[in-house]
1. Label region A:1-98 by shape, choosing from rounded, prolate and oblate, from the square roots a ≥ b ≥ c of the eigenvalues of the Cα gyration tensor; if a/c is under 1.5 it is rounded, and otherwise prolate applies when a/b is larger than b/c, oblate when it is not.
2. In Å and whole numbers, how far do the C-alpha atoms of region B:63-103 stretch along each principal axis, longest first?
3. May I ask for the Rg/Rh ratio of region A:5-177, computed from Cα atoms with Rh as the Kirkwood radius, given to two decimals?
4. Projected area of the protein assembly as shown, taken from the Cα convex hull and averaged over every viewing direction, in nm²?
5. Between B:Arg85 and the same site in the other copies, what are the distances in nm, shortest first, taking label points 7 Å from Cα along the C-beta direction?
6. Report, for B:Glu159, each distance to the same residue's label point in the other copies, shortest first and in nm; define the point 7 Å along Cα→Cβ.
7. Residue-wise, which Karplus ³J(HN,Hα) couplings in Hz belong to region B:130-143, taking 6.51 cos²θ - 1.76 cosθ + 1.60, θ = phi - 60°, and x for glycine or proline?
8. Quick one: with all protein chains in place, what share of the accessible area of the protein assembly as shown is carbon or sulfur, to the nearest percent (1.4 Å probe)?
2 protein chains.
Amino acid sequence: RPGREVLFFPSRPSCTEALLAEAAGPGEAARLCPCPCPLPRGDCSLSRLLRRLLSARRSLEICLFAFSSPQLGRAVQLLHRRGVRVRVVTDAQYMGLQGSQIGLLRQAGIQVRHGQEDGYMHHKFAIVDRRMLITGSLNWTTQAIQNNRENVLVVEDAEYVKPFLEEFERIWEEYRPI
Amino acid sequence: RPGREVLFFPSRPSCTEALLAEAAGPGEAARLCPCPCPLPRGDCSLSRLLRRLLSARRSLEICLFAFSSPQLGRAVQLLHRRGVRVRVVTDAQYMGLQGSQIGLLRQAGIQVRHGQEDGYMHHKFAIVDRRMLITGSLNWTTQAIQNNRENVLVVEDAEYVKPFLEEFERIWEEYRPI
Ligand SMILES: [Zn+2]
Ligand SMILES: [Zn+2]
């Protein structure tokens with residue numbers, strides 16, 4: 001079952017530039033590689049998470065309490081430019097905080113919605129091509145990725161993916177565009 | 001696959017007294033039922049989560065950033081009294097906050113450990129009888145249960161349960177008893 005994976009964080013620091021450049025296409029790869037930074041190359045939980053996201057070909061639904069990781073933000077923008085239909089739901093309170101990627105995503109033309117509720121929109125999941133669920137405790141922030149104990153599950157079983165797709169559509173319909 | 005389930009929150013308010021009394025045994029059930037409160041009876045995400053926990057017969061590992069829900073606290077104490085081996089890992093910063101159940105669990109004789117780390121212990125999972133994983137975005141707080149948009153997955157596939165058991169044991173060994 002290649003679809004199944006469990007990732008734990010904190011992720012050891014590593015350079016993800018090659019991964020992002022490769023996903024951006026040949027021209028971008030030639031311009032950006034090799035990155036001069038001293039971080040080690042190779043696999044880590046963040047690079048595995050990025051790979052899963054970058055595998056999207058048609059659609060990406062994102063439902064996140066907090067989103068401030070620059071690497072994950074770049075991955076999402078890259079998918080949008082590649083023609084993947086990206087939709088983002090986020091929490092209203094967190095959205096305006098310093099370092100949030102939400103403003104940059106909107107400026108890039110990505111659809112974002114949030115609610116005006118008393119409670120938090122506390123989900124932390126994404127759905128790739130309507131068949132792969134990525135969910136867990138991890139908010140997409142550098143703090144969480146590098147410092148916290150966190151988990152992410154990658155799941156392709158329809159019994160899990162379908163209810164999360166339905167939850168996303170429920171929230172998407174209820175929330176207003178911003 | 002009866003082991004698989006997805007729960008979404010907020011959970012509609014409902015009375016969980018009968019469920020807890022039933023799990024406590026015949027004497028307790030006679031003393032507590034019927035509860036005089038006006039809340040509706042019947043199934044909700046919280047009652048389903050409680051049922052999963054109360055199915056424990058041998059062991060319960062809990063790894064939670066925040067734990068303040070009185071109902072879930074009572075369920076865990078009840079399992080401890082029933083002879084289930086309960087171990088709790090939690091976050092040091094949150095543990096001392098008002099309303100935390102951690103002090104009550106320790107007073108009841110349940111083993112609790114926490115770290116002294118820069119990052120948060122941000123996991124939100126439990127493992128029942130080493131075969132059922134309960135994990136998601138939900139902290140075990142009344143705020144989250146009643147007000148937030150949250151998810152919980154119930155998973156019995158060993159490919160997911162085993163890495164979480166190993167993660168729990170890693171953290172348990174690393175943290176000190178309190
Ligand atoms: Zn680099
Ligand atoms: Zn009641």
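The values are calculated or read from the model by the stated rules, or taken from the named source; none is laboratory data. Fair warning: this is a prediction, and the values are worked out from it, not measured in the lab. Cβ sites come from the backbone with ideal geometry, for glycine too, and all protein chains shown count toward neighbours. We work out accessible area using only protein heavy atoms, side chains counted, and drop any ligands, DNA or RNA first. Shrake-Rupley method; radii C 1.70, N 1.55, O 1.52, S 1.80 Å.
1. In terms of gyration-tensor shape, rounded.
2. If we take the Cα atoms of region B:63-103, the spans are 30, 17, 13 Å.
3. 0.95
4. That works out to 18.9 nm², a quarter of the Cα hull's surface.
5. Distances to the matching label points in the other copies: 5.1 nm.
6. Result, one decimal in nm: 1.4.
7. Working through the residues one at a time gives 6, 9, 10, 9, 10, 8, x, 8, 7, 6, 8, 10, 5, 3 Hz.
8. Heavy-atom surface of the protein assembly as shown belonging to carbon and sulfur, 1.4 Å probe: 52 percent.
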